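S.K.: Questions regarding the structure given below will be posed in turn.
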Amino acid sequence: MSGSLTVVFVVAAGLRCTLANSAYNARELEHQYSDSGARLIFTSEEGLAVVRETLQNLGLTDDQADRQIVVLGSSLDWAGGPAAPRKAEAAGLLHMEDLLKLGSLIEEEKFDGRLAHETVYLCYSSGGLHAKNVHEG
């Protein structure tokens, strides 16, 4: 599943996002995860080892860490496309396509009133938190 589609889905559901560089090592990801207050990590199957190391270094048990990971698999069967096998290291983890099969939102999250100026994206660079982007409208 595309990372850009995931960002659209999670914002529509009312979540705040911070996008991490896929080249980050566990130490770099630990900083961003802790500093941003993140509670879930969406990752590709290829990034799973770094994500698990990150959460382990932060003191989470394997079970606690696994509950905070959502895997962006390569299967497109959720959209009527071809299925793809899941990698063994991602077995038992929640996959984005599993979430998409749970149903649909009646409507997207409303960003009005006090929520109209809520921070949606926390953007980091090698220097740390770079900018907070506000969703308007």
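The values are calculated or read from the model by the stated rules, or taken from the named source; none is laboratory data. Predicted, not measured: the structure shown is a model, and the values here were computed from it. Here the Cβ positions follow ideal geometry from the backbone for every residue, glycine too, while neighbour counts run over all protein chains shown.
S.K.: Taking region 16-38, which residues are loosely packed, with under 15 Cβ neighbours inside 10 Å, under 20 Å from D63 (Cα atoms) and modelled with pLDDT of 90 or more?
M.R.: S34, the sole residue that qualifies.
S.K.: Further question: For region 15-67, which residues satisfy the criterion of being outside any strand (DSSP E or B), hydroxyl-bearing (S, T, Y), within 18 Å of C123 (Cα to Cα) and free of Cβ contacts under 8 Å to residues at least 40 places away in the same chain?
M.R.: S22, Y24, Y33, S34
S.K.: Under the condition of being out of contact with any helix residue (DSSP H, G or I) (no Cβ under 6 Å at 6 or more places or on another chain) and of a type in the set (A, V, I, L, M), which residue from region 71-92 is farthest from A49 (Cα to Cα)?
M.R.: Among them, the one singled out is A79.
S.K.: Let me ask something else. Could you tell me whether E97 is assigned to a helix (DSSP H, G or I), more than 19 Å from N21 (Cα to Cα), at pLDDT below 90 and not basic (K, R)?
M.R.: Details: assigned to a helix (DSSP H, G or I): yes; more than 19 Å from N21 (Cα to Cα): yes; at pLDDT below 90: yes; not basic (K, R): yes.
Considered against the rule, which asks whether it is assigned to a helix (DSSP H, G or I), more than 19 Å from N21 (Cα to Cα), at pLDDT below 90 and not basic (K, R), E97 comes out as yes.
S.K.: Also, I was wondering about something else. Tally the residues that are touching a residue at least 12 places away in the same chain (Cβ under 8 Å) and closer than 23 Å to V10 by Cα, restricting the search to region 80-108.
M.R.: In the first step, residues of region 80-108 are kept if they are touching a residue at least 12 places away in the same chain (Cβ under 8 Å); the result is 86-87, 89-90, 92-97, 99-101, 105, 108.
Keeping just the survivors that are closer than 23 Å to V10 by Cα gives 86, 90, 92-97, 99-101, 105, 108.
Here the count works out to 13.
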